[in-house]
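To start, the structure itself, in structure tokens.
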Amino acid sequence: MAQIRIKNVAKRFGAYQALHSINLDVADQEFMVLLGASGCGKTTLLRIIAGLETPSEGEVWIGDRRVDHLAPRDRGIAMVFQNYAVFPHLTVFENIAFGLRMAKMDNALVTKRVERTAELMHIEQLLKRYSGELSGGQRQRVAVARALAMEPDVILMDEPLSNLDALLRLEMRAELKGVLAESKTTAIYVTHDQVEAMSLADRISVMHQGRIVQAASPIEVYRNPAARFVASFIGNPPMNFLPATSHGNGQWSVAGQTFNGPATQKPLEFAIRPEDLSPADQGLKATARVVEPLGAHLLVTCDVEGASFRAVLDSDLTVRPGDILTLAPQPDRIRWFDPETTQAVA
Amino acid sequence: MNARTLPYLLILPVTLFLCVFFIYPFVLVAQLAFTQGDGFTLANFREVVGYWKFPISLKNTLLLAAIVVPIQLALSLAMATMVSKMEKGRDLVLYVWTIPLGISDLAAGIIWLAIFEQSGFLNSMMSGMGLIDKPISLLTYEHPWVIFIAIALAEIWRATAIMLVILVAGMGLIPKEYYEAAEVFGASPWKRFLKITLPMLRPSLQTALVLRVILAFEVFAVVIALGGSLFPVLMAETYAYQFDLLNSGAAAAIALIILAISIGFTLIILRLLRVPKGATI
Ligand SMILES: Nc1ncnc2c1ncn2[C@@H]1O[C@H](COP(=O)(O)OP(=O)(O)OP(=O)(O)O)[C@@H](O)[C@H]1O
Ligand SMILES: [Mg+2]
């Protein structure tokens, strides 16, 4: 059993607070993805779990052991580093075998394990090379193979596929998910690629400026963002926002239109995903500014009462810049945010 | 100025300097060693090698190097590791540890003579503690091993810092991430030293060892100060041929023998600590 529990973990680098009171539970065998913009503290959190950084406050538990005072090698983890850290003085084979050799595994077993993992990552023909003779993407796969070869209870991966081309990445992603599910490994996977996050995760933790703003299943994060940041970060393009004023009785006026909403008097923000809009007789009046055909869809950037507003429409439609569209939001997909607390309001 | 010729033009002064003050004298020395009166001969080499003191001085020189260099290697590695782990005061410690570098080898010999001689610190300390009744003379032909130890200590004290500074610089070049990866994958501190530090330090180890081994074969002033003629070494023989016996041919021959030994060991060190192609940081 290797569930991970992070309790009130904070990290300060001098005066700079990189992490604010992080609480996170990762269940045994769960695939947890940490998603967030560059500099939000993903690597720092991972390094704290690995033991390469000591938390300024809080506790880290793996299984039923408190580990924050244990050395990294006593925590039963394997890690893929963001900068790979593939040993330059060892061949690819010896790199992948490194952890197994440290664990004094039998030689024949090491060879078998290394060859199998290398095959999985499509680097079996590189085993005799040194890292100086590899491309960035190959080096990255060596780093992943080195961690997988350990068959650890917990694997920590810091953007392990960031340097691969789109096709290989898609393939590796599927392989990785399969292997980790089969080996019943608990995984924490850092990425800033939301498609990757959606496709891999059992749960996604969205991080923002050193805090976890939402930890939920991919579809929940997508459909019901807990905070404005999540709504504006997830989705490509992300949600549209418009100011709303209350008429009372849960009636809200948005850009001259009336919608049903929460029964509060405070000013709120109305939010809708671009793909949840469709042309209709009744709806928001939008002036098209930029039209981008994307094959299956048409991405239209428009203007609604001075605010920028995007819609993903059927590509059969003909829209030209300057056209005035009437866009109806799908009523059950409308979300509301409190601009003061930035939290979602039901 | 043409970008292709400029580099050559810039290294020209140094090259000229080396030719005039190094290559040319070297050719002269070689000429001296291989001639006697008229024409080419190996007589000088036969003479110096056949002399009864040659095997002893060769043995002493090699023995001294064989004892001193490994100890210095171990010490400088340990010291460099400690310095590299320090966060504050690192420069200060490094300066203190490298003080002996600023002292000439003769002065170093004299300092250790002051410790070991009959009226020296060691004797005063031992009689002060009641270990001996009266001062004993340590550096005599009756205790050749005391002379050896004194010379070895003086050499270790004097020249470990040369290796230390090279190794500290080399360790500073090893990225921290490799230690972190090794740590996560189960390497103990000792294993990290063996599996990460040592292999990645090979270029610096090469430089430090080559420099130190060559210096060890040239040991002279410290030996003269502490052992005089009781501990013959190759360099002292060269001196004796040149200035006591006024035989420059023989002196040149023995100098060339020292050079050959140095080159031989340099090649061995470079070979042993070779970094495979593609395996550099
Ligand atoms: N050793 C350190 N000293 C000082 N500040 C640090 C240190 N390490 C990280 N930081 C700061 O902490 C913040 C979080 O860094 P972190 O590396 O965790 O970001 P990240 O989410 O992994 O970003 P990226 O996606 O770019 O890798 C950054 O603002 C960074 O500048
Ligand atoms: Mg990072």
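The values are calculated or read from the model by the stated rules, or taken from the named source; none is laboratory data. Note that the structure is a prediction, hence the values are computed from the model and not measured. Note: ideal-geometry Cβ built from the backbone for every residue, glycine included; neighbour counts use all protein chains shown. These accessible areas exclude ligands, DNA and RNA; they are computed on the full protein's heavy atoms, side chains included. Shrake-Rupley method; radii C 1.70, N 1.55, O 1.52, S 1.80 Å.
Here are the numbers:
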read-out: Close pairs from the stretch A:80-94: first free of Cβ contacts under 8 Å to residues at least 24 places away in the same chain, partner within 16 Å of ligand 1 (Cβ to nearest atom) and open to solvent by 30 Å² or more (accessible area, probe 1.4 Å), Cβ under 8 Å, at least 6 apart; value: A:N83/B:E177
read-out: Strands (runs of 3 or more DSSP E) within the stretch A:15-97 that include 2 or more residues under 18 Å from B:E180 (Cβ atoms) and within 16 Å of ligand 1 (Cβ to nearest atom); value: A:77-80
read-out: Residue match in the stretch A:130-146 (condition: open to solvent by 50 Å² or more (accessible area, probe 1.4 Å), in a loop (DSSP other than H, G, I, E, B), among the hydrophobic types (A, V, I, L, M, F, W, C) and away from ligand 1 (no atom under 16 Å from the Cβ)); value: no
read-out: Answer from B:P7, B:P70 - the residue that is open to solvent by 50 Å² or more (accessible area, probe 1.4 Å), under 15 Å from B:I162 (Cα atoms) and assigned to a helix (DSSP H, G or I); value: B:P70
read-out: Criterion: closer than 12 Å to A:E30 by Cα and within 16 Å of ligand 2 (Cβ to nearest atom) - qualifying residue of A:I204, A:I188; value: A:I188
read-out: Verdict on A:E151 being within 16 Å of ligand 1 (Cβ to nearest atom), farther than 30 Å from B:V275 by Cβ and of a type in the set (D, E); value: no
read-out: Single residue of the stretch A:154-172 satisfying the filter (more than 23 Å from B:V184 (Cβ to Cβ) and charged (D, E, K, R)) that is nearest to ligand 1 (Cβ to nearest atom); value: A:R169
read-out: Residue tally, condition away from chain A (no Cβ under 14 Å) and over 18 Å from B:T197 (Cα atoms), over the stretch B:271-281; value: 1
read-out: Which numbered condition A:F241 misses (of (1) farther than 22 Å from A:L52 by Cα; (2) touching a His at 6+ places or on another chain (Cβ under 9 Å); (3) in contact (Cβ under 8 Å) with a residue 60 or more places away in the chain); value: (2)
read-out: Qualifying helices (runs of 4 or more DSSP H) (wholly inside the stretch B:151-252; at least 1 residues being more than 14 Å from chain A (Cβ to nearest Cβ)); value: B:202-217, B:221-227, B:234-239
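Condition check ((1) open to solvent by less than 20 Å² (accessible area, probe 1.4 Å); (2) among the aliphatic types (A, V, I, L, M); (3) within 16 Å of ligand 1 (Cβ to nearest atom); (4) over 10 Å from the mean Cα position of the chain (by Cα)) across all residues:
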residue	(1), (2), (3), (4)
A:A174	no, yes, no, yes
A:K177	no, no, no, yes
A:T186	yes, no, no, yes
A:H192	no, no, yes, no
A:A201	yes, yes, no, no
A:V206	yes, yes, yes, no
A:R211	no, no, yes, yes
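Per-residue answers, yes or no, for (1) at pLDDT below 95; (2) within 20 Å of A:V142 (Cα to Cα):
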{"site": "A:I48", "(1), (2)": "no, no"}
{"site": "A:W61", "(1), (2)": "no, no"}
{"site": "A:D74", "(1), (2)": "yes, no"}
{"site": "A:V80", "(1), (2)": "no, yes"}
{"site": "A:F93", "(1), (2)": "no, yes"}
{"site": "A:G99", "(1), (2)": "no, yes"}
